[in-house]
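Colleague: Structure provided below as structure tokens; questions to follow.
Derivation of every value follows stated rules applied to the coordinates shown; laboratory data play no part. Since we're looking at a predicted model, the values are computed, not measured. Cβ coordinates were reconstructed from backbone atoms using ideal geometry, including for glycine residues, and neighbour counts include every protein chain displayed.
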């Protein structure tokens, strides 16, 4: 089988395009897979956005007006919240509305609850220790 230069160039070009597509799709999937609710709430701006959306459904522009950062930056934050399944975006005409999906926050609440009971126990023990010290000091 004889392949001329043009045919070989087309084969390499197609392989290159397929490889680029594969890499792009893989990176995109990895980015989506690594997003979780804890990553979403790690940023103070995203926490503030969640707080705003807990009160009411807002457009992207309405959210952006409440912050002193660019609209593209707000869009990026909302995209992350959406990828973490904390926000759903719906289109009505030309506007995009964002609405909170608080069910995902239950994972955070469960995690915090474990540590709340742990710290409450430690703080109670510390309070007892301080009371004992104060009692000893008062006795002197």
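Colleague: Please work out the FRET efficiency for the pair residue 133 and residue 113, using the Cβ-Cβ distance as r and a Förster radius of 41 Å; give the result to the nearest 0.05.
Modeller: FRET efficiency, residue 133 to residue 113: 0.85.
Colleague: What distance in nm lies between label points placed 7 Å from Cα along the C-beta direction at residue 42 and residue 96?
Modeller: Using points 7 Å along Cα→Cβ, the separation is 2.3 nm.
Colleague: Another question, then. Taking the Cα-to-Cβ direction at residue 120 and at residue 85 and moving 7 Å from each Cα, how far apart do the two end points lie in nm?
Modeller: Modelled inter-label distance: 2.9 nm.
Colleague: If you don't mind, there's one more thing I want to ask. What are the extents of the Cα atoms of region 35-139 along their three principal axes, in Å, largest first?
Modeller: Result for region 35-139: principal-axis Cα extents of 75, 27, 22 Å.
Colleague: Which order do peptides 99-108, 76-85, 112-121 fall in by mean Cβ count within 10 Å, highest first?
Modeller: 76-85, 99-108, 112-121
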